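Below is one structure; the comments refer to it alone.
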Amino acid sequence: MPQKYRFERVPGPCDTLPESPCWHGSTHRLFWIDHGSRDLRSVRFPEREFFAVPLETKGNLRFVKSLNTTHLIVASECGLYRFGIEERQLTPIGGALPLSKGTCLNDGAVHPSGTIAIAVSDIDESDPTGGFYVLSGDDWTCIRRNIVIGNGPAF
């Protein structure tokens, strides 16, 4: 007999454009962002406790990824940050971001070793002015240029 699954809506308000779901095993929380806001959203399981943290970022949020047992990586359109989950502290990271006029951060990934990769996209989603970059110390190394929209499938 096939197994039946029950789906439920997570607690919290309806989002404009929810993206970047990120499970953080150490805290038993699901984190995500809403492209239309600067609020980091989260639900703790199994309690189903919802919270939204307004973040002081440069632009609306673009992605969230787990960094380690105590921190997340959070990106806005023009900023990359380390977020302390318990103290809810936001710290800029990554030195000067590889952004030019008309581009923004769009997506990113964190390797288990802690290496951070980001995707830069054309804001108008029409010109190949973006690229993929890896953080080495405080410097960004370009690994692919001429990207129009750098998004999750590329990772």
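The values are calculated or read from the model by the stated rules, or taken from the named source; none is laboratory data. None of the values given here were measured: they were computed from a predicted structure. A quick note on method: Cβ atoms are made from the backbone with ideal geometry, for glycine too, and the neighbour counts reach across all protein chains shown. All accessible areas refer to the heavy atoms of the entire protein, side chains included, with ligands and DNA or RNA removed. Shrake-Rupley method; radii C 1.70, N 1.55, O 1.52, S 1.80 Å.
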*What number of residues within region 85-106 satisfy the criterion of being farther than 16 Å from Gly59 by Cα and either within 15 Å of the chain's Cα centre (by Cα) or not in a loop (DSSP other than H, G, I, E, B) (or both)?*
3
*asked:* Taking the condition of being within 17 Å of Arg82 (Cα to Cα), open to solvent by less than 80 Å² (accessible area, probe 1.4 Å) and of a type in the set (Lys, Arg), how many residues in region 30-52 meet it?
replied: 1
*Top-ranked residue in region 1-16 [being open to solvent by 80 Å² or more (accessible area, probe 1.4 Å) and of a type in the set (A, V, I, L, M, F, W, C); ranked as farthest from the chain's Cα centre (by Cα)]*: Met1
*Exactly one condition in (1) surrounded by fewer than 18 Cβ atoms within 10 Å (Cβ to Cβ); (2) in contact (Cβ under 8 Å) with a residue 12 or more places away in the chain; (3) of a type in the set (Ser, Thr, Tyr) is not met by Ser113; state its number.*
(2)
*Quick check, is Arg82 within 21 Å of Asn151 (Cα to Cα), at pLDDT 95 or above and of a type in the set (D, E, K, R)?*
yes
*Within the set of pairs 6 or more residues apart or between chains, which connect a residue that is of a type in the set (D, E, K, R) inside region 1-22 to a residue that is open to solvent by less than 70 Å² (accessible area, probe 1.4 Å) and not in a strand (DSSP E or B) with Cβ atoms less than 6 Å apart?*
Glu19/His35
